[in-house]
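Chemist: Handing you this structure, nothing more for now.
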Amino acid sequence: MSFPPANLSQFHNDIFSQTQLGQLCGTEELFRDRYLILRMLGRGGFGVTFLARDMSLPGQPFCAIKQLCPRVSEKKALDTARHRFQREAKILAALGNHSRIPMLLDYFVLRDEFYLVQEYIKGATLARLVRRQGCQSELTVKRVLREMLDLLLYVHERGVIHRDIKPQNIILSQDRRLVLIDFGAVKQQLAQMSENTTRGVTTHFVGTVGFAPPEQFSLRPVFASDIYALGVTSLYLLTGKAPLDFKTNPRTGKLQWQERAEVSKILAPILDKMLEPSLERRYQSVDAIIEDLNFASPQDNLSQCMNNLKSTVQTEPQSRQGTEGSQRPLSEKERMAQSIRNWKSRRPSPTSKSTKYPDSLLHSSG
């Protein structure tokens, strides 16, 4: 059981003294006669999240309770907070039961305060893993990128923009899944929205400086805004550097990252296009990045396999059983077919649900 420590900042003291969850933290009293509040997990501009146990269910499973904390008491501001909360809850529910998005278990309003109850994901954020282990290899970054692109494809197809993708919001769970958290910043985005549509829904910037692209600061996030943030997240994994640590080109606004990250000539242009400050020159969809990654990946490149065929069969002669039990050399076409079969057997399944990460990343998620 965790009691509020004595060395908390004034802000954290305010959290514990002014919020109902904070007051219950470390006590035996249940919130709503159901939840035992254990400790604070994190905070953001609009809320604070606590770890709890659901004492009403068998096994008393852990859950995460997010309390929305508006900093003003004016009726208009509270109404804005209420609308934002309701939008967040509806979007989380609409995302369904994806294995790499925390499940929404409940949401409610209690005495003008707003609460979300979500599945608790035990693990370590990518930010914490990089702090522990240092920079990650290009192979690891490509695997993380592929899995996150698949997840973003699912999110975007449901009309949702996350708007706050960063290493702190991606957890490597104990069962080795990459889980995208903190959908408190998402916004429903209609694909048919035109330039002339009235923009009265969002009145505050939502995101993280350095990870958010220029159009997001103008309160006009699009699906490609998540692509930019994922590109910056990839740079963090490669270099361990926050985006504000990189110099920018004064003419184009582009991050000058190439001297800080050692990547192949295949991955570099893909990252470069993801990191375009200009929305017009950036990737417009996740599908386009996945296609480029699949085409450019050396281990998955069929043409390279074909080009290496001659040297392969010279160094590894093959034979097969003839129709009458005798051994005979393979013909050129048979050798080519065998090489293609071997190449396909080495490729990862495109329908695979999980990604195997190097041991350095996998075994430090506690």
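Chemist: Once R0 is set to 25 Å, what does the formula 1/(1 + (r/R0)^6) return for the Cβ-Cβ distance between Leu57 and Ser173, expressed as a FRET efficiency to the nearest 0.05?
Modeler: Values: r = 20 Å, r/R0 = 0.81.
Calculated transfer efficiency: 0.80.
Chemist: Would region 113-152 count as rounded, prolate or oblate if I go by the C-alpha gyration tensor, calling it rounded below 1.5 in a/c and otherwise prolate when a/b exceeds b/c, oblate otherwise?
Modeler: Numbers: a/c = 3.50, a/b = 1.69, b/c = 2.07.
Oblate.
Chemist: Net charge around Leu104, counting only other residues with Cβ within less than 10 Å of its Cβ (Lys, Arg = +1; Asp, Glu = -1)? Walk me through the intermediate numbers first.
Modeler: Working: positive: Lys90; negative: Glu88, Asp106, Glu119.
Once positives and negatives cancel, what remains is -2.
Chemist: Starting from the Cα of Lys241, step 7 Å along the direction of its Cβ; do the same at Phe217; then give the gap between the two resulting points in nm.
Modeler: 1.9 nm
Chemist: If the chain between Thr252 and Gln133 were fully stretched, how many nm would it gain, using 0.36 nm times the residue separation less the Cα-Cα distance? Mind showing how you got there, number by number?
Modeler: Working: separation 119, 0.36 × 119 = 42.84 nm, distance 3.32 nm.
Once the chain is fully extended between Thr252 and Gln133, it gains 39.5 nm.
Chemist: Label Ser278 and Thr27 with points 7 Å out from Cα along Cα→Cβ: what is the distance between them in nm?
Modeler: Between Ser278 and Thr27, the label points sit 5.9 nm apart.
Chemist: What distance in nm separates the simple spin-label points at Arg260 and Leu153, each placed 7 Å from Cα in the Cβ direction?
Modeler: Result: 3.0 nm between the two label points.
Where a number appears in this text, it was derived from the coordinates with a stated rule and is not lab data. Just so it is clear, the model here is predicted, and its values are computed rather than measured. A quick note on method: Cβ atoms are made from the backbone with ideal geometry, for glycine too, and the neighbour counts reach across all protein chains shown.
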